[in-house]
Amino acid sequence: MLKQGSRRQRFIDQFTNIAFKIGNQVHLRSLRDAFAIIMPLFILAGIGVLVNNVVFPWVLHGQMLTNFQYFGTYITNGTLNVAGLLLAPTIGYFLARNKNYVNKISAAVMALGTLIIMMPNTVPVTPLAAKKAVEVSGILTFQNVGTTGMFAGIIIGLAATELFMTLSKLKKLQINLSDAVPSAVAGSFNTMIPALITMSLFAALAAILTAGFHTDLITLITNVIQEPLRRVNTSLPGLLLIYGTGNLLFSFGIHQAVINGTLLDPVLLINMNKNMAAYAAGQHIPHIINNVFRDTFGMLGGTGSTICLLIATLLFSKSRASRDITKLSFVPSLFNINEPVIFGYPIVFNFALIIPFVLIPGLGISIAYFFTAIGWMNRVVVMVPWTTPPLLNSYLATGGDWRAPVIQGFTLILGVLIYWPFLKISERVAAKQAELTQ
């Protein structure tokens, strides 16, 4: 028995170490840091979309409504529509910081400049009132620098920054000036040759793609990498598998962002941004699954939908310790902050509670997916802050659909009923352990 227990613990330790190493890989960590920085801009875009399409139409009509909706349109232009343009330099900066590169701003500038180099030389544009598009040169379009170009911004940002930093470390390529020269000037000369080589190589690649293959890197990345990856990871089975694995890791003390923040968030955010852009333009909403859909219906009170556990504790538990931690944790859980529950209840390494902790989020996502697919609930179209309380977040995220809180409330009740027997098992195990230590 002891031998089996040691083998199990050894497996858990090895699995934990592997997951920790993957989650802390420098490129993945830089990607998470970049998304964390620009996430407030996407939340602002969600507010703009909500105000434009839900609030203003309540009180305004006709030309007055059109005039006021410029407010949300300009917010969208400065957030969603330049998402790829924002990501590339932000990723470049954080990759340089995480690799302890001295000139971080230069790395960010290289990432931004290289992304623009790889943009198509001509783009189809449809003039107002025209029926056909015409090819126009010398412009950047929101389509390429916005949500469609997000994955290109990620890949080019990482690749250009890595190449630039590698070349910058070669002493033969450095131009050293005297100490009398200001440090900013000296730093720019130090990186001048690496910058020239980096941008020239990408320019040569862009020229080859344009002249030889009549395409561009943005289109290739979108069609060959972004879309296949997005379709797999944002399918219902893919989401449930990856998100469930992330929650399982959290039950062993490794934050779920290690998996979800790297494998899911980038592609789910692309879906969310496309939904917001379509909703703002009055077009068909393309995607059911996105990051706000996942958080709204799979994180009731935080990861593992632990507010269901807290309600079950208040209703059914007689354990003083459980009720005490519930009273302390309930208010934070209303705002989807549940670390006090996960580490205080605890759920970590509590094998009785791990099962509902992993099961219930997937169940909530599946129920919401079903009702959305059959048209009984609007698709999620508004980026709401993750701290928005349950029921309110589903109403706002679906653009004011009253059916969303009803479906979310049904999931909440079901989660309470599922947590209930596992809560009782957990308390019995804790009582037996207490008896053995006396």
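The values are calculated or read from the model by the stated rules, or taken from the named source; none is laboratory data. Because the structure is a prediction, the values reported are computed rather than measured. Ideal geometry is used to build each Cβ from the backbone, glycine not excepted, and the neighbour counts take in all protein chains shown. Quick note on the areas: whole protein, heavy atoms, side chains included, nothing else; ligands and nucleic acids left out. Shrake-Rupley method; radii C 1.70, N 1.55, O 1.52, S 1.80 Å.
Given R₀ = 56 Å, what would the calculated FRET efficiency be for F370 paired with I38, taking r from the Cβ atoms and rounding to 0.05?
On the way: r = 32 Å, r/R0 = 0.58.
Rounded to the nearest 0.05, the efficiency is 0.95.
Give me the extension gain from W58 to T73: residue separation times 0.36 nm, minus the current Cα-Cα distance, reported in nm with one decimal. Intermediate results must be reported in sequence, preceding the final value.
Numbers: separation 15, 0.36 × 15 = 5.40 nm, distance 1.77 nm.
Length gained between W58 and T73: 3.6 nm.
May I ask you to list the residues of region 276-291 whose amide nitrogen lies under 12 Å from a point 7 Å from Cα along the Cα→beta-carbon direction of T387?
What the label zone holds, given the 12 Å backbone N cut-off, is no residue at all.
What whole-number distance in Å separates the alpha-carbon centres of region 99-116 and region 41-72?
After rounding, the separation between the Cα centres reads 36 Å.
Each label point is 7 Å from the Cα along the Cα-to-Cβ direction; what then is the distance between the points at N98 and I337, in nm?
2.6 nm
Would you kindly compute the Cα radius of gyration of region 283-438 and its largest Cα-Cα separation (Dmax), both in Å?
16.5, 66
Report the residue, chosen from I360, I116, I175, that carries the largest GNM mean-square fluctuation when the chain is represented by alpha-carbon nodes joined by springs under 10 Å.
Its mean-square fluctuation being the largest, the pick is I175.
Between R428 and L65, what length in nm is gained on full extension when 0.36 nm per residue of separation is reduced by their alpha carbon distance? Please report the intermediate quantities before stating the final value.
Numbers: separation 363, 0.36 × 363 = 130.68 nm, distance 6.08 nm.
Stretched out fully, the R428 to L65 stretch lengthens by 124.6 nm.
Can you tell which of K172, K424, K318 shows the greatest fluctuation in a Gaussian network model of the chain with Cα springs below 10 Å?
K172
Taking the square root of 5 times each eigenvalue of the Cα gyration tensor, what semi-axes in Å does the equivalent ellipsoid of the chain have, largest first?
Working: eigenvalues 373, 194, 65 Å².
One finds semi-axes of 43, 31, 18 Å for the chain.
Given R₀ = 30 Å, what would the calculated FRET efficiency be for L196 paired with N121, taking r from the Cβ atoms and rounding to 0.05? Can you show the working numbers first?
On the way: r = 21 Å, r/R0 = 0.70.
Given R0 = 30 Å and the Cβ-Cβ separation, E is 0.90.
Compute the distance from the alpha-carbon center of region 132-160 to that of region 310-343, in whole Å.
47 Å
For a quick check, take a GNM of the chain with Cα springs below 10 Å and name the residue from M118, M383, M192 with the largest mean-square fluctuation.
M192
Under 24 Å from the Cα of K172, which lysines turn up, not counting those fewer than eight places away in the same chain?
By straight Cα distance, K172 reaches K99, K104.
Under 14 Å from the Cβ of P194, count the other residues' Cβ atoms, weight Lys and Arg +1, Asp and Glu -1, and hand me the total. Please list the in-between numbers first.
Values: positive: K169, K171, K172; negative: E162.
Residues near P194 contribute +2 overall.
Please provide three numbers in whole Å: the alpha-carbon extents of region 235-328 along the principal axes, with the largest listed first.
The principal-axis extents, from largest down, are 53, 28, 21 Å.
How much net charge surrounds Y101 when only the other residues with a Cβ under 11 Å from the Cβ of Y101 are counted, with Lys and Arg +1 and Asp and Glu -1? Let's see the in-between values first.
Values: positive: R97, K99, K104, K169; negative: E162.
Spelling it out: positives minus negatives among the neighbours equals +3.
Applying the Karplus parametrisation 6.51 cos²θ - 1.76 cosθ + 1.60 with θ = phi - 60° to the phi angles of region 194-208, what ³J(HN,Hα) value in whole Hz is obtained for each residue in order, glycine and proline being reported as x?
x, 5, 4, 5, 4, 5, 5, 5, 5, 5, 5, 4, 4, 5, 4
Near A280, within a Cβ-to-Cβ distance under 15 Å, what is the net charge of the other residues, with Lys and Arg +1 and Asp and Glu -1?
On the way: positive: K274, R379; negative: none.
Result for the local shell: +2.
If you plug each phi of region 346-358 into the Karplus form 6.51 cos²θ - 1.76 cosθ + 1.60 with θ = phi - 60°, what whole-Hz ³J(HN,Hα) values come out, in order, with x for Gly and Pro?
The phi angles translate into x, 9, 4, 6, 9, 5, 5, 8, 4, 4, x, 4, 8 Hz.
Probe radius 1.4 Å, ligands and nucleic acids ignored: give me the carbon and sulfur share of the accessible area of region 327-438 as a rounded percent. Before the final figure, lay out the partial values.
Values: 4080 of 5580 Å².
Result for region 327-438: 73 percent of the exposed heavy-atom area is carbon or sulfur.
With every protein chain left in place, what is the accessible area per residue of the chain in square angstrom, probe 1.4 Å? Intermediate values should be presented prior to the final figure.
On the way: 21460 Å² over 438 residues.
Ligands and nucleic acids excluded, the figure is 49 Å² per residue.
Mind listing which trypsin sites (Lys or Arg not before Pro) in region 101-145 are in a DSSP loop and have 12 or fewer other Cβ atoms within 10 Å?
Details: sites: K104, K131, K132; in loops: K131, K132.
Passing sites in region 101-145 are K131, K132.
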